[in-house]
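J.: I'd like to ask you about the structure that follows.
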Amino acid sequence: MSTETKPKYRSADWFGKNDKDGFGHRSWMRNQGLPGDVFDGRPVIGICNTWSELTPCNAHFRDLADHVKRGVWQAGGFPVEFPVTSLGEAVMRPTAMLFRNLASMDVEESIRANPIDGVVLLCGCDKTTPSLVMGAASCDIPELVVSGGPMLNGKYQGREIGSGTDVWHFSESVKAGAMSLKQFMEAESCMSRSAGHCMTMGTASTMASMVEALGLSLPENAAIPAVDSRRSVLAHMAGRRIVEMVAGDLRISRILRREAFENAIRVNAALGGSTNAVIHLLAIAGRVGVPLTLDDWDRLGHDCPTIVNLMPSGQYLMEDFYYAGGVPAVVRALGEHDLLHRDALTVNGQTIWENCREAPNWNPEVIRGWDRPLIEHGGIAVLRGNLAPQGAVIKPSAASPRLMRHAGRAIVFENIEDYKRRIEDPALDADENSVLVLKNCGPKGYPGMAEVGNMGLPPKLLKRGITDVVRISDARMSGTAYGTVVLHVCPEAAIGGPLAHVREGDRVELDVEHRRLHLDVPEEEIARRSAVWRPLAPPMAGGYQRLYFDHVLQADTGADLDFLTGCRGHVVMRESH
Ligand code: FES
């Protein structure tokens, strides 16, 4: 069992000892049919798997893990697959986001507690990507992301339909009387017709693109469809590469530098990516100590056009994006326009520019030229004002130009139940100038900051052909959603932020160009309302939800738990027996 002539990896503290502890660590592992020489000091590669039949977007991950294993064995490593909490966006209640930080703890502690020298993170559905990256970042070992890939394009009545985006369209069409319930039910089976995650530029595709832009995955990771054989090849190559990363001690902290985050923010703008990326990247940066702020999103993304023509901002879907050239083609365009830190290192040991400088664009309708963007100023606009002193966000590429500067009377919903109770009431005093305000849906308020910010419109407006009004809340919205929707208002209503003090009929002003969100009520009146405001009770007296409620940070810093920020490394001092 001597490893004296080889580099000594972390796992040697478990498997490289000739005492009772080494016996124990090796012997029980050998009940899986492993030969003794796998404990000869070779790199032990964890494959962190979020497979679950309750996370349909990740249900093909056992196959994907097998391809990673082939690559690890081939490169002389020892692969060990392990499960972590999986987060299914489509089914979890009250929202998968409530459990992102919990899953990140699971990942962090699983890596640290086990003889793992490097880890491949299998990510797919929305929250599985940030939670795995956050957890791995807090350990700081070599890490490589393999995404599960998007589903094939949805097809309904001979046309393309997109995950989420067309659910909102169909749902509103039913309310407006333009689509029958029978047609609605038919469309259900036409949308999700292969393995993989949402195939719009929703949060899953955005976060897969973010890890590629950060340099945490091999090139092309984000867009290869889940069922394309090239996804399996990528997983195989990732298995090979992680072994080399361990040998070179290429840790996640060497990749997740400030420059990498700035690149990712600009890629997000060029993609028309999800607003959820704001919260997740802030949280990841918090784990590695990079001082990223909400204002960085506005500053860095503002000059960057949206050139990727994908739903919900545009027309096409992820399958088309892959065939057009995917993230590498977008990175190349940014680099050619001086909007890229070209020297940012990536997991394959090359810089991002070395990886992408010759990336082709095969379809200028899907990935537009710089001179013909989908949206001239992409990115995320960060709004401030007396209604959001710590900031709020809006995605201009998904909003209606006519509402980007708007003032209207507020229709106020105290919580999601109040909204559901009243929104279909024909007596609701709503018109095209109304501003819908939803409170108590932030991190503490919901709890978990659910994706309810893109409130459906009152049917009485939909029937009049009105498809968008200004909506404001402390909630998030699905990356597949659209509309003039102000999100992440901070501080949230549940801790007494100004949003808590908006009342029915108040005048609210939105001015995206000047980044302003204003409640047109005298300061003295706001102070009077604040004096009589009472905080919400915690959602549960105990358990994880109470821990979350007591420790979650606000959206402007990424909604991590206060005791989870930072990197705690991978050292474990004590043996188990
Ligand atoms: Fe899993 Fe959309 S529900 S990615």
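J.: Report yes if some residue within region 146-158 is more than 13 Å from the ligand (Cβ to nearest atom), crowded, with 24+ Cβ neighbours inside 10 Å and modelled with pLDDT of 95 or more; otherwise report no.
T.: Checked against the condition, which is being more than 13 Å from the ligand (Cβ to nearest atom), crowded, with 24+ Cβ neighbours inside 10 Å and modelled with pLDDT of 95 or more, region 146-158 yields at least one hit.
Listed here are the residues, each with its yes/no results for (1) within 25 Å of the chain's Cα centre (by Cα); (2) surrounded by fewer than 24 Cβ atoms within 10 Å (Cβ to Cβ); (3) closer than 21 Å to Ala500 by Cα.
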| position | (1), (2), (3) |
| --- | --- |
| Ile423 | no, yes, yes |
| Pro426 | no, yes, no |
| Ala430 | no, yes, yes |
| Val435 | no, no, yes |
| Ala450 | yes, yes, yes |
| Gly453 | yes, no, yes |
| Leu461 | no, yes, no |
| Arg464 | no, yes, no |
| Val469 | no, no, yes |
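J.: On to the next question. Out of Arg287, Arg299, Arg332, Arg357, which single residue is charged (D, E, K, R) and buried (at least 23 other Cβ atoms within 10 Å of the Cβ)?
T.: Only one candidate qualifies: Arg287.
J.: With respect to Arg503, is the statement that it is more than 30 Å from Asp117 (Cβ to Cβ), in contact (Cβ under 8 Å) with a residue 12 or more places away in the chain, part of a loop (DSSP other than H, G, I, E, B) and among the basic types (Lys, Arg) true?
T.: Considered against the rule, which asks whether it is more than 30 Å from Asp117 (Cβ to Cβ), in contact (Cβ under 8 Å) with a residue 12 or more places away in the chain, part of a loop (DSSP other than H, G, I, E, B) and among the basic types (Lys, Arg), Arg503 comes out as yes.
J.: Of the conditions (1) more than 27 Å from the chain's Cα centre (by Cα); (2) charged (D, E, K, R); (3) closer than 28 Å to Gly196 by Cα, Asp66 satisfies every one except a single condition; which number is it?
T.: (1)
J.: So if I check each of Pro447, Pro426, which one is of a type outside the set (Gly, Ala, Ser), in contact with a helix residue (DSSP H, G or I) (Cβ under 8 Å, 6 or more places away or on another chain), without any contact (Cβ under 8 Å) to a residue 60 or more places away in the chain and more than 28 Å from His514 (Cβ to Cβ)?
T.: Step by step, each of Pro447, Pro426 is checked, and only Pro426 is of a type outside the set (Gly, Ala, Ser), in contact with a helix residue (DSSP H, G or I) (Cβ under 8 Å, 6 or more places away or on another chain), without any contact (Cβ under 8 Å) to a residue 60 or more places away in the chain and more than 28 Å from His514 (Cβ to Cβ).
One line per residue, one yes/no per condition, for (1) outside any helix (DSSP H, G or I); (2) more than 11 Å from Leu122 (Cα to Cα); (3) among the polar types (S, T, N, Q); (4) within 16 Å of the ligand (Cβ to nearest atom):
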residue	(1), (2), (3), (4)
Met29	no, yes, no, no
Arg42	yes, yes, no, no
Gly46	yes, no, no, no
Arg62	no, no, no, no
Ala65	no, no, no, no
Lys69	no, yes, no, no
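J.: Next question. Among the numbered criteria (1) open to solvent by 10 Å² or more (accessible area, probe 1.4 Å); (2) of a type in the set (Ser, Thr, Tyr); (3) within 14 Å of the ligand (Cβ to nearest atom), which one does Ser189 miss?
T.: The single condition Ser189 does not satisfy is (3).
J.: Report, ordered by the first and then the second residue, all pairs with beta carbons closer than 6 Å, sequence separation of six or more or different chains, a first member in region 473-491 that is in contact (Cβ under 8 Å) with a residue 12 or more places away in the chain and among the small types (Gly, Ala, Ser), and a second member that is assigned to a loop (DSSP other than H, G, I, E, B) and within 16 Å of the ligand (Cβ to nearest atom).
T.: Ala475/Ala450; Ala475/Val452; Ser478/Gly164; Ser478/Glu451; Gly479/Gly202; Gly479/Ser274; Ala481/Asn454; Gly483/Asn454
J.: Could you check region 71-92 and list, in sequence order, the residues that are open to solvent by 40 Å² or more (accessible area, probe 1.4 Å) and not in a loop (DSSP other than H, G, I, E, B)?
T.: Across region 71-92, the qualifying residues are Trp73, Gln74, Glu81, Pro83.
J.: Is one or more of the residues making up region 203-222 open to solvent by 60 Å² or more (accessible area, probe 1.4 Å) and either of a type in the set (Lys, Arg) or within 16 Å of the ligand (Cβ to nearest atom) (or both)?
T.: No; the residues of region 203-222 include none that is open to solvent by 60 Å² or more (accessible area, probe 1.4 Å) and either of a type in the set (Lys, Arg) or within 16 Å of the ligand (Cβ to nearest atom) (or both).
J.: Is it the case, given these coordinates, that Tyr419 is touching a residue at least 40 places away in the same chain (Cβ under 8 Å), surrounded by 14 or more Cβ atoms within 10 Å (Cβ to Cβ) and part of a helix (DSSP H, G or I)?
T.: no
J.: While we're on this one: Counting only residues that are open to solvent by 20 Å² or more (accessible area, probe 1.4 Å) and more than 16 Å from the chain's Cα centre (by Cα), which one in region 93-109 is nearest to the ligand (Cβ to nearest atom)?
T.: Arg93
Let's see how each residue does on (1) more than 19 Å from the chain's Cα centre (by Cα); (2) in a helix (DSSP H, G or I):
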{"position": "Arg231", "(1), (2)": "yes, yes"}
{"position": "Leu250", "(1), (2)": "yes, no"}
{"position": "Ala260", "(1), (2)": "no, yes"}
{"position": "Ala277", "(1), (2)": "no, yes"}
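The values are calculated or read from the model by the stated rules, or taken from the named source; none is laboratory data. Computed from a prediction, not measured in an experiment: that's the story for all the values here. With ideal geometry, Cβ positions are generated from the backbone for all residues, glycine too; neighbour counts draw on all protein chains shown. Side chains are part of the model used for accessible areas, which takes the heavy atoms of the whole protein and leaves out ligands, DNA and RNA. Shrake-Rupley method; radii C 1.70, N 1.55, O 1.52, S 1.80 Å.
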